[in-house]
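What follows is one structure encoded as C-alpha cells, with my remarks underneath.
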Amino acid sequence: MKAALKAKFLAGENVFAHAPLGYKRDPDNRNGIVIDEETRWIVEKIFDLAAHGAGAARIVRILMSEGIPTPGYINYMRYGTFSHIYEGHEEKAGVWTEKQVKKILTNEVYIGNSIHYRQVGISYKNKKRVRQPPEEWMRVENTHEPIISKDVFDQVQKQIASRRRMQRDKTTQIFAGLLKCADCGRSMSFATNRYQGREYKYYNCGSYKEYGKHGSCTSHYIRYKYLYSYVLARIQHWCRQVQQNEEQTLEHLLKAGDKERAATAKKQTSDLKKAEKRRAEVDRAFVKLYEDWAAERITEYNFNMLSQKYQTEQEELEEKIHTLKTDMNTVKETAENAEKWIELIKKVGYPKELNAELLNTLIEKILIHEAAKDEFGTRNQDIEIIYRFVGKID
Ligand SMILES: [Zn+2]
C-alpha cells in the first residue's frame with residue numbers, strides 16, 4: 001500500500017471512486033462521505049427485508065417488482081458513468097442481482113466503518129487481484145454517519161451465515177427433492193435446531209416455513225433421525241420380501257396397486273377442482289386490488305405487498321394444476337412396472353444404510369402428514385412412501 005494512501009485511511013478518510021449506495025461524497029471534504037437522503041431508503045429497505053428473514057433472491061425479486069433503480073443506474077443518471085451500458089436501455093435501471101444485494105448487506109460502510117484493502121492484493125505470479133483474508137483488511141471505525149444500526153447489521157450477518165450453512169446441508173442432504181407436504185404439496189424444508197447443546201435435524205412444510213402461522217398450512221414437523229430409520233426399515237422390508245418370495249411379492253404389488261390407483265385418481269380429481277377454484281378466486285382478488293389501487297383506496301406500499309403475494313400464489317397454483325394434470329395423464333402400465341420395480345429392489349440387495357442414490361433409485365416421493373396425538377398422548381405421524389413404478393404399496 002502506498003504510504004500516502006495508508007495515511008489517508010488511518011485518518012479515516014474514504015477513497016471511494018463513487019460513494020456507496022445511500023451515501024454521496026462530502027462537498028466539504030474531498031475524501032469523506034455523507035448520507036444521501038435521496039437514496040438511503042433503498043439501503044434501509046434492503047436491510048429491513050433481510051432482518052425480517054428474506055434471503056438475497058427474495059430481496060432481488062421485491063426490488064425488481066417495485067422498479068427500484070440499481071446503484072449503477074443511479075450513478076449513470078447522476079454522473080453519466082457506464083453510459084455505454086445504460087444509454088437507451090432504461091430496462092436495465094432495475095435489474096438487481098443477488099451478488100449486489102449480498103455486497104450491500106455485508107458492507108460495514110453502512111455502520112459507519114471504512115474497510116480498505118478488501119481485494120486489492122496483486123498476485124506476483126499472474127498479476128491478478130487476489131482477495132485478502134479478513135484479518136488483513138484495514139478497518140477504521142466511525143469515519144462517517146451510519147445508515148444501519150450495529151444491532152440490525154449483526155443480526156443480518158448471523159442470518160446470512162445460517163442461510164449459508166443451511167444451503168450446504170441441503171445439498172448434502174439425502175432426501176433432497178423427495179419430501180413433500182401431504183397437505184399442500186410443497187417441498188419440505190430442511191433445518192437444524194440446537195437444544196441443550198445437541199443438534200437436531202428436522203423438516204417443516206415449506207409453505208409453513210415461509211408464511212408461518214398466518215399461511216394456509218401447518219408445520220408437519222418431522223425429525224430427520226425418525227424419518228431415516230422409518231424409510232430404511234421399509235426398504236429393508238421390501239428387499240427381504242423379494243428375496244424370500246419374488247412371485248408372491250409381485251402378486252401383492254399388483255393387487256395393492258389397483259386399489260391405490262383408484263384412490264389416487266379420486267384424490268387428484270378433487271385436488272384439481274380445489275386448485276382451479278382457488279385460482280379463479282385469486283384472479284378476482286387481483287382485479288379488485290388493482291381497482292382499489294387505481295381509485296387510491298389503498299397505498300402504493302400495500303398494493304405492492306399484496307400484488308406480490310397474489311402473484312406468488314398464482315404461480316404456485318399454476319404449477320400445482322400442471323403437475324396434477326400430468327400425473328393424471330400418466331399411463332398405467334401396471335404389470336410391467338411392478339416387474340421393473342422388483343428388478344430395482346434386487347439390484348440394491350439388502351441395504352444397511354440410506355444414501356441419495358439408493359433413495360432416488362427406488363422412491364418417487366415421500367409424503368409427510370401432520371402429526372396427531374391419540375387419546376393416550378402418543379404422537380402419530382403418517383409417512384407415505386410413493387415408490388417409483390408401483391406407487392404406494394404398503
Ligand atoms: Zn404444507
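A short reminder: the numbers here are calculations on the coordinates, not readings from a lab. Note that the coordinates shown come from a computational prediction; the quantities given were computed from them, not determined experimentally. So basically every Cβ, Gly included, is an ideal-geometry build from the backbone, and we count neighbours across all protein chains shown.
Fewest Cβ neighbours within 10 Å first, please rank Thr249, Thr312, Thr299 accordingly.
Listing Thr249, Thr312, Thr299 from fewest to most nearby Cβ atoms yields Thr299, Thr312, Thr249.
Among Arg139, Arg25, Arg78, which one shows the highest mean-square fluctuation when the chain is modelled as a Gaussian network with alpha-carbon springs under 10 Å?
Largest GNM mean-square fluctuation: Arg78.
Calculate the FRET efficiency for His52 and Thr326 from the Cβ-Cβ distance with a Förster distance of 51 Å, rounded to the nearest 0.05.
0.90
Starting from the Cα of Lys102, draw a straight line to each of the aspartates and glutamates and keep only those under 19 Å, dropping any in the same chain fewer than 8 residues away.
Leaving aside aspartates and glutamates fewer than 8 places away in the same chain, those within reach of Lys102 are Glu44, Asp48, Glu66, Asp151, Asp154.
Arrange Thr106, Thr218 by Cβ neighbour counts within 10 Å, fewest through most, would you?
Ascending number of Cβ neighbours within 10 Å: Thr106, Thr218.
Within region 192-298, which trypsin sites (Lys or Arg not before Pro) sit in a loop by DSSP and count at most 16 neighbouring Cβ atoms inside 10 Å?
Arg297
Could you sort out which of Lys180/Lys325; Lys213/Lys320; Lys180/Lys255; Lys158/Lys309; Lys225/Lys392; Lys225/Lys352 sit more than 24 Å apart by Cα distance in this structure?
With Cα atoms farther than 24 Å apart: Lys180/Lys255; Lys158/Lys309.
Pick out, from Cys205, Leu179, Thr192, the residue whose Cα sits farthest towards the positive end of the charge dipole of the chain, with +1 on the Cβ of Lys and Arg and -1 on the Cβ of Asp and Glu.
Positive-most Cα among the choices belongs to Thr192.
For a quick size check, give me the Cα extents of the chain along its three principal axes, largest first, whole Å.
Cα spread of the chain along its principal axes, largest to smallest: 88, 60, 49 Å.
May I ask you to evaluate 6.51 cos²θ - 1.76 cosθ + 1.60, the Karplus curve with θ = phi - 60°, for each residue of region 236-249 and list the ³J(HN,Hα) values in order in whole Hz, giving x for glycine and proline?
Once rounded to whole Hz, the list reads 4, 4, 5, 4, 5, 4, 5, 5, 6, 8, 5, 4, 4, 4.
Quick one: what are the phi-derived ³J(HN,Hα) couplings along region 178-186, Karplus 6.51/-1.76/1.60 with θ = phi - 60°, whole Hz, x for glycine and proline?
9, 8, 10, 6, 5, 9, 9, x, 6
With +1 on the Cβ of every Lys and Arg and -1 on the Cβ of every Asp and Glu, and nothing else charged, how large is the dipole of the chain about its Cα centre, in debye rounded to the nearest 20?
The calculation lands at about 1340 debye.
Using +1 on the beta carbon of Lys and Arg, -1 on that of Asp and Glu, and nothing else charged, what's the dipole of region 239-314 about the Cα centre, debye to 20?
Once rounded to the nearest 20, the dipole reads 280 debye.
Check the cysteines of the chain one by one and keep only those with no other cysteine Cβ under 4.7 Å from their own.
Here Cys239 come out as lacking a disulfide-compatible partner, given the Cβ-Cβ threshold of under 4.7 Å.
Between beta-carbons, use under 12 Å as the cut-off and find the net charge around Glu291, counting Lys and Arg +1, Asp and Glu -1.
Neighbour charge sum, excluding Glu291 itself: +1.
In what order do Cys217, Cys184 fall by count of nearby beta-carbon atoms within 10 Å, going from fewest to most?
Cys184, Cys217
Restricting to DSSP loop positions (anything but H, G, I, E, B) with no more than 13 other Cβ atoms inside 10 Å of their own Cβ, which trypsin sites (Lys or Arg not before Pro) remain in region 318-394?
Sparse-neighbourhood loop trypsin sites (Lys or Arg not before Pro): Lys332, Lys352.
Report the net charge of residues surrounding Ala57, where surrounding means a beta-carbon distance below 12 angstrom and charges are Lys +1, Arg +1, Asp -1, Glu -1.
+4
Points 7 angstrom from Cα along the Cβ direction at Tyr200 and Lys103: gap in nanometres?
Here the answer is 4.2 nm between the modelled labels.
Restricting things to alpha carbons, find the Rg to Rh ratio for region 251-366 using the Kirkwood radius for Rh.
1.22
Once you've got the GNM for the chain with C-alpha springs shorter than 10 Å, pick whichever of Gln244, Gln196, Gln173 has the biggest mean-square fluctuation.
Maximum fluctuation in the GNM of the chain, among the listed residues, is at Gln196.
Among Asp26, Asp36, Asp374, which one shows the highest mean-square fluctuation when the chain is modelled as a Gaussian network with alpha-carbon springs under 10 Å?
Of Asp26, Asp36, Asp374, the Gaussian network model singles out Asp374 as fluctuating most.
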